[in-house]
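Trainee: Let me begin by handing over the structure; questions about it come next.
Please treat every number below as a calculation from the coordinates, not as lab data. The model shown is predicted, which means the values in this text are computed figures rather than measured ones. Note that we place each Cβ from the backbone using ideal geometry, even for glycine, and neighbour counts take in every protein chain shown.
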Amino acid sequence: MNKQEDIRDILTAFENQVDLYAPEGGPFGCRILDYGEVTVVITLDAVPGKALKRMSGFVSGAEALEYVEEEKRYFGLLKERGITPLPTECVAVSGKTPVVYLVQNLVKKERLGNSIIRNEPMATVAGCLEAAMDRIAACVRYNRKVTDGPEAAADSQMSNWYFPENAGPPFLIDVGSPITRVNGKVYAFTQ
């Protein structure tokens, strides 16, 4: 069921049926996981195992599709610079208004950086901080070398990093605000 078209169909039906003022328990078994500054992260029983970050505020379907393309470009820029985003599908949906969902596999909350800082021994905390900062530093070093192309930055707060239990490299989970600079001019996709 993880085909993007199936997910798009479910999300379109959800958008057309949901009461945005009381979404929990509504269509498709909606449950709120978290809120961002301008977003909400939900799960739906109809899309098991996925976190769905709802990005709204688009004035048109064309603008939502432009955002999807910018997100794809941003993922590539981050990877080039040494930051691994959690695998993310961008799904543009035309419901009552145009929205985009960032679809990611659910991760264990206790493996997010802010949980690790609160709950793990200092040696674990230090290792996770170092791993995340190494990736941010690699990104900064890469950007310093760019003379006539796009630079990219990541929101590096620890709550945006997922640290797998197998001690592999961390993943950046908050990729919804593509921030780039081209030839010295900041480009942040704003809705």
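Trainee: Using label points projected 7 Å from each Cα along Cα→Cβ, tell me how many nm separate Thr124 and Ala137, to one decimal.
Mentor: Going by the 7 Å Cα→Cβ label model, 2.4 nm.
Trainee: Sticking with this one: Grab the other residues whose beta carbon is less than 13 angstrom from that of Thr43, score K and R as +1, D and E as -1, and report the net.
Mentor: Values: positive: Arg31, Lys50, Lys53, Arg54, Lys109; negative: Glu24, Asp34, Asp45.
Here the charged neighbours net out to +2.
Trainee: Given points 7 Å out from each Cα along the Cα-Cβ axis, report the Glu5 to Lys79 separation in nanometres with one decimal.
Mentor: 2.4 nm
Trainee: OK, next. So which of Lys3/Lys109; Lys53/Lys108; Lys53/Lys145; Lys50/Lys108 end up more than 22 Å apart by C-alpha?
Mentor: On the way: Lys3/Lys109 25 Å; Lys53/Lys108 16 Å; Lys53/Lys145 33 Å; Lys50/Lys108 12 Å.
Among Lys3/Lys109; Lys53/Lys108; Lys53/Lys145; Lys50/Lys108, the Cα-Cα distance tops 22 Å for Lys3/Lys109; Lys53/Lys145.
Trainee: Using the Cβ atoms and a cut-off under 14 Å, what net charge is assigned to the surroundings of Asn119, where Lys and Arg are +1 and Asp and Glu are -1?
Mentor: Numbers: positive: Lys108, Lys109, Arg111, Arg118; negative: Glu110, Glu120, Glu165.
Net of charged neighbours comes to +1.
Trainee: Rounded to the nearest 500 deg cm²/dmol, what is the calculated helix-only ellipticity per residue at 222 nm for the chain, with -39500 (n - 2.57) per DSSP H run of length n ≥ 4? Don't jump to the answer; show the numbers that get you there.
Mentor: Working: 4 runs with 65 residues, N = 191.
Estimated from H runs of four or more residues: -11500 deg cm²/dmol.
Trainee: By per-residue mean of other Cβ atoms within 10 Å, what is the highest-first order of 107-116, 121-130? Numbers along the way, then the final one.
Mentor: Numbers: 107-116: 15.7, 121-130: 12.8.
Sorting 107-116, 121-130 by mean packing, highest first, produces 107-116, 121-130.
Trainee: With label points built 7 Å along Cα→Cβ from the Cα atoms of Val182 and Lys96, find their separation and express it in nm.
Mentor: Spacing of the two 7 Å Cα→Cβ label points: 3.5 nm.
Trainee: Here's another thing I want to ask about it. Can you tell me the order of 65-78, 135-148 when each peptide is scored by its average per-residue count of other Cβ atoms within 10 angstrom, highest first? Kindly include the intermediate steps, with their values, before the conclusion.
Mentor: On the way: 65-78: 17.6, 135-148: 13.6.
Order by mean packing, descending: 65-78, 135-148.
Trainee: Fully extended, how many nm does the chain gain between Glu110 and Tyr21 (0.36 nm per residue separation, minus their Cα-Cα distance)? Don't skip to the end; give the middle numbers.
Mentor: On the way: separation 89, 0.36 × 89 = 32.04 nm, distance 2.87 nm.
Computed gain between Glu110 and Tyr21 is 29.2 nm.
Trainee: Right, here's the next one. Find out how many positive minus negative residues lie around Glu15, taking Lys and Arg as positive, Asp and Glu as negative, among other residues whose Cβ is under 12 Å from that of Glu15.
Mentor: Net of charged neighbours comes to +1.
Trainee: If you don't mind, another one. Where q = 0.15, 0.19 Å⁻¹, what log10 of I(q)/I(0) comes from the Debye formula for the chain, counting one point per Cα?
Mentor: Log-scaled intensity ratios, in q order: -0.95, -1.32.
Trainee: Gain in length, Ser159 to Lys145, computed as 0.36 nm per residue apart minus the alpha-carbon separation, to one decimal in nm?
Mentor: Details: separation 14, 0.36 × 14 = 5.04 nm, distance 2.82 nm.
In short, 2.2 nm is gained.
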